[in-house]
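Note sheet for the following structure.
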Amino acid sequence: MKAIVIHGAKDLRIEEHPIGTLGPGQVDIAIEAGGICGSDLHYYNHGGFGAIRLREPMILGHEVAGTIKRLGAGVSRLGVGDRVVVSPSRPCNVCDYCLVGQQNHCLNMRFYGSAMPMPHIQGAFRQSLIADEWQCHKVADGVSINEAAFAEPFAVTLHAVARAGSLLGKRVLVTGCGPIGALAIIAARAHGAREIVVTDVMDAVLEKARTIGADRTINVLMDRDALSVYAANKGYFDVHFEASGNGQAVRSGLEVLKPRSVLVQLGLGGDVSIPQNMVVAKEIEMKGTFRFHEEFGLAVDLINAGRVDMKPLLTGIYGIDEAIAAFEAAGDRSKSMKVQLSF
Ligand SMILES: [Zn+2]
Ligand SMILES: [Zn+2]
C-alpha cells in the first residue's frame, strides 16, 4: 500500500509500506478520505511545532474515513463493506487520567500521526489502515465519506464547547476562521448561541463564516475599530473561542469580554503577553481545550443526522500522488479551508 510519510520540513514522500497484520478485534479499512490538519501542516512546513520535533520518518494524518475490507477474529458490530470514520484517539484506559475520564490527557496516548512520543505514532494517510473495532463509527447512508472525515476536527470544537459551558442564549466571539474556527461557529450554532461574531484578517474566510452561521464578521486588519466598540460597558461577549493563536486576538478578546465570561483557547501559538489586570478585574475564566474524547461519537451523530453541514468547508480533494500539491494548497489560507486527500 501507499502511505504519505514526512521525513522532515518540506520532505514529504509517497512510499510503499507493508499492510499491517490484522489482529483479533481489528478491522482492515481501505481509507478513502483524509483531511489535512493544522498539525500535519506544521510537520510538513516546519518539521514539528514547539518542543515537538520529528525525530524519525512518520506517516501523517488522523482525520480519516473509509470502507472495511477485512474483519479480524471476534469483530461483531461491523461488517465488510461498512463505511466508517475512525477515531485517531487511542488512550490506554488504565492510567490515572484515563481512570478519571480524562482520556485526552492519557499518559500513554497513541494518537495517529504524532511525534510527541518516541517511537512516533504512525498516522492514517495510507491506503490500508488496521484499526480496532471500537475506533470505528458507521457513516450513515447519504453522508459522503468526505463529510464523515470531518468528525475529528469537529470533535475538537465540540470539546471546546464543553469546556466553555452552556452556550444557550450566549453571545459568542470567534477569533480566527481557519477550519477549527469555522467548525467552532458550527458547534456554537448547534449549541444554541444567541449571536456569533467572527474575526479574521482575510475576507475570503469571513465570507465562508457568514455562510455557515456567523451573524457578523469583522476583518480586523481592515477595520480594527469595529471590534473595539464591543468594549463599551465592560464588554459584550459571554464566550470567546480563540482559534488564531495570535496574541493580539487574545488581548482584543479580553477587552470585549463581559465580566465573568469565558475565554477558551483553541489556537496554538507562542508566548503571549496578556493584560493581567483585565483578567482580574473582569474575573475572566481562561481555559485551554485539547483534542476530545466522548465528543467524537457526538460529532459523528450530528454529521450522520444532517444536523450540521460540513460540505461548505471542503475546498479541495487531491489524489494520494498529488499529496505535495495538497499540502501546499492546504497551507494557503487565501484559497483553502479544509483540503482532503483521496486514497
Ligand atoms: Zn485534526
Ligand atoms: Zn491512559
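Those helices (runs of 4 or more DSSP H) of region 126-244 in which at least 2 residues are in contact with a Ser or Thr (Cβ under 7 Å, 6 or more places away or on another chain), considering only elements entirely within it, cover 151-164, 179-190, 203-211. The set of residues in region 290-341 being open to solvent by 40 Å² or more (accessible area, probe 1.4 Å) and of a type in the set (Gly, Ala, Ser) consists of 305, 306, 325, 331, 334. In summary, strands (runs of 3 or more DSSP E) completely within region 1-80 and bearing 1 or more residues that are under 20 Å from the mean Cα position of the chain (by Cα), more than 16 Å from ligand 1 (Cβ to nearest atom) and under 16 Å from residue 318 (Cα atoms) occur at 26-35, 63-71. Scan region 62-105 for residues that are away from ligand 2 (no atom under 16 Å from the Cβ), among the small types (Gly, Ala, Ser) and touching a helix residue (DSSP H, G or I) at 6+ places or on another chain (Cβ under 6 Å) and the total you get is 1. So, residue 329, is that one more than 24 Å from residue 173 (Cβ to Cβ) and under 20 Å from the mean Cα position of the chain (by Cα) or not? Yes: the conditions hold for residue 329. The residues of region 269-289 that are under 16 Å from the mean Cα position of the chain (by Cα) and surrounded by 13 or more Cβ atoms within 10 Å (Cβ to Cβ), listed by number, are 269, 289.
The values are calculated or read from the model by the stated rules, or taken from the named source; none is laboratory data. Because the structure is predicted, anything quoted here is derived from the model rather than measured. Counting neighbours? That spans all protein chains shown, and the Cβs are built from the backbone with ideal geometry, glycine included. Surface accessibility is based on the protein's heavy atoms, side chains included, excluding ligands, DNA and RNA. Shrake-Rupley method; radii C 1.70, N 1.55, O 1.52, S 1.80 Å.
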